[in-house]
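These notes are about the structure you will find just below.
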Amino acid sequence: MRVLFIGGTGIISTACSDLAVRKGIELTLLNRGKTERPIAAGTKVVIGDIRNGTSVQSALGERKFDVVVDWVAYTPDQVQADLDLFRGKMGQYIFISSASAYQTPVANLPIRESTPLDNPIWKYSRDKIACEELLRHAYRDEKVPITIVRPSHTYDRTSIPIEGGFTVLNRMLHGQPVIVQGDGTSLWTLTHSNDFAKGFVGLLGNIRAIGEDFQITSDEWLTWNQIYQTIGKAAGVEPQIVHVPSDLIAAYDKALGDNLLGDKANSSIFDNSKIKQLVPDFICTTPFSRGAEEIIAWHMADPSRQKICPELDALFDTILDAYSRAWPAEIGFKR
């Protein structure tokens, strides 16, 4: 099976690339060649810019693929450009959407593929919804062989799955307070990229996936308090958690607020029956407790990976100062 990954060197796509090659798939990556991540042995890398049709034509010529996956398409015009470029040259087009496209806040849990798509808060999610609508029209009207995949919060050892990444971990390590939105009890789903890959690779070239949409997530549900505590435990510290309303965070930083109010502040648990029915190999085997240990080990192994954002660190202090002034001292926190 000949498969083209557009991108293919991100957190999720790297794991999928590795597994695809191990499964014997003839994999080509089309990207700009600027990644620092290792490329799986046996993978062919073609240098080209997917945002430049001439560049892609020069890189790929008239080659045809059984599957084309675009890991870096975010807007309808980008998806349409893909369809125009690969029309008649692919047996399946897989679009990477997002679970944040689901109804926000969701009316019913668990979330299923039949859950409405409606996110009035986060533009990123609305753009993904618009991409899906374009593809559904292309499937119905032109018989374009599409498949839609909705990852939720997927991580690997290089990514700390909390807002602020190593900046927040550094605060934990130095005994500084860290912000958890709301009261920290909303439920969230974290999926290791290696587990996601098991479900995803099973969709490549799968005729039963044509015209369908799939969410691929873990079945482990954690509160945000548990997520922060699990990271702290792996790092050998007890995080000093301060609960701050998401609305207040949004008042200080719109981008951070949109991400919370449009996604992470809401409980998200998923019914994965559909992907399991089509891909029996999809079994998640990495609990976050083990994933957190991988994350800490990777970051602590090399000081160059311990990147702190001073602006974000200062923003956290500003929010915490404002919040501490708004509440009586008896429910305050150590500074």
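The values are calculated or read from the model by the stated rules, or taken from the named source; none is laboratory data. None of the values given here were measured: they were computed from a predicted structure. Here the Cβ positions follow ideal geometry from the backbone for every residue, glycine too, while neighbour counts run over all protein chains shown.
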(request) Considering only the range 176-281, give the helices (runs of 4 or more DSSP H) lying wholly within it that have at least 3 residues that are in contact with a Ser or Thr (Cβ under 7 Å, 6 or more places away or on another chain) and assigned by TED's automatic domain parsing to the domain that holds PRO120. (result) 193-201
(message) Would you confirm, using the coordinates I've provided, whether PHE316 is closer than 26 Å to ILE111 by Cα, of a type outside the set (S, T, N, Q) and crowded, with 17+ Cβ neighbours inside 10 Å?
(response) no
(request) List every residue pair whose Cβ atoms lie under 8 Å apart, where the two residues are 6 or more positions apart in sequence or sit on different chains, the first residue falls within the range 42-61 and is on the phi > 0 side of the Ramachandran plot, and the second residue, located anywhere, is acidic (Asp, Glu) and assigned to a loop (DSSP other than H, G, I, E, B). (result) none
(message) Condition first: farther than 16 Å from LEU27 by Cβ, in a loop (DSSP other than H, G, I, E, B) and either outside the structural domain of VAL21 (by TED's automatic domain parsing) or not aliphatic (A, V, I, L, M) (or both). Now tell me which residues in the range 66-101 satisfy that.
(response) TYR74, THR75, ARG87, GLY88, LYS89, SER97, SER98
(message) part of a helix (DSSP H, G or I) and assigned by TED's automatic domain parsing to the domain that holds LYS198: is that true of ILE12 in this structure?
(response) yes
(message) Could you list, ordered by first residue, the pairs with Cβ atoms under 7 Å in which the first is in the range 1-25 and of a type in the set (Gly, Ala, Ser) and the second is in a helix (DSSP H, G or I) and at pLDDT 95 or above, at least 6 apart or interchain?
(response) GLY7/SER13; GLY8/SER17; ALA15/SER193; ALA15/ASN194; ALA15/PHE196; ALA15/ALA197; ALA20/VAL201
(request) Test each condition in (1) in a helix (DSSP H, G or I); (2) within 22 Å of THR154 (Cα to Cα) for THR104 and report the one that comes out false. (result) (1)
(message) Just checking, does the range 25-39 include any residue being aliphatic (A, V, I, L, M), in a strand (DSSP E or B), under 18 Å from the mean Cα position of the chain (by Cα) and assigned by TED's automatic domain parsing to the domain that holds LYS198?
(response) no
(request) Please work out if GLU133 is surrounded by fewer than 17 Cβ atoms within 10 Å (Cβ to Cβ) and either in contact (Cβ under 8 Å) with a residue 12 or more places away in the chain or under 30 Å from PHE86 (Cα atoms) (or both). (result) yes
(message) So if I check each of GLY257, GLY232, GLY211, which one is over 20 Å from CYS284 (Cβ atoms), crowded, with 18+ Cβ neighbours inside 10 Å and in contact with a Pro (Cβ under 8 Å, 6 or more places away or on another chain)?
(response) GLY232
(message) Looking at the range 138-152 only, could you name the residues that are surrounded by fewer than 19 Cβ atoms within 10 Å (Cβ to Cβ) and either touching a residue at least 12 places away in the same chain (Cβ under 8 Å) or touching a Cys at 6+ places or on another chain (Cβ under 7 Å) (or both)?
(response) ALA138, TYR139, PRO145
(request) Quickly run through the range 228-260 and pick out the residues that are touching a Leu at 6+ places or on another chain (Cβ under 7 Å) and closer than 14 Å to GLY182 by Cβ. (result) VAL242, SER246, ILE249, ALA250
(request) Could you run through the range 107-122 and say how many residues are among the aliphatic types (A, V, I, L, M) and farther than 22 Å from TYR74 by Cβ? (result) 2
(request) Could you tell me which of the residues ASP82, ASP77 is without any contact (Cβ under 8 Å) to a residue 12 or more places away in the chain, closer than 21 Å to CYS131 by Cβ and either out of contact with any Phe, Trp or Tyr (no Cβ under 6 Å at 6 or more places or on another chain) or among the acidic types (Asp, Glu) (or both)? (result) ASP77
(request) Restrict the check to the range 47-65 and report whether at least one residue is at pLDDT 95 or above and either in the same structural domain as TYR93 (by TED's automatic domain parsing) or assigned to a loop (DSSP other than H, G, I, E, B) (or both). (result) yes
(request) Restrict the check to the range 106-114 and report whether at least one residue is under 22 Å from PRO145 (Cα atoms), among the hydroxyl-bearing types (Ser, Thr, Tyr) and surrounded by 16 or more Cβ atoms within 10 Å (Cβ to Cβ). (result) no
(message) Can you say whether SER98 is crowded, with 22+ Cβ neighbours inside 10 Å, within 20 Å of the chain's Cα centre (by Cα) and more than 22 Å from ALA209 (Cβ to Cβ), as far as the supplied structure shows?
(response) no
(request) Scan the range 296-311 for residues that are among the charged types (D, E, K, R) and either more than 21 Å from the chain's Cα centre (by Cα) or part of a loop (DSSP other than H, G, I, E, B) (or both) and jot them down. (result) ASP302, LYS307, GLU311
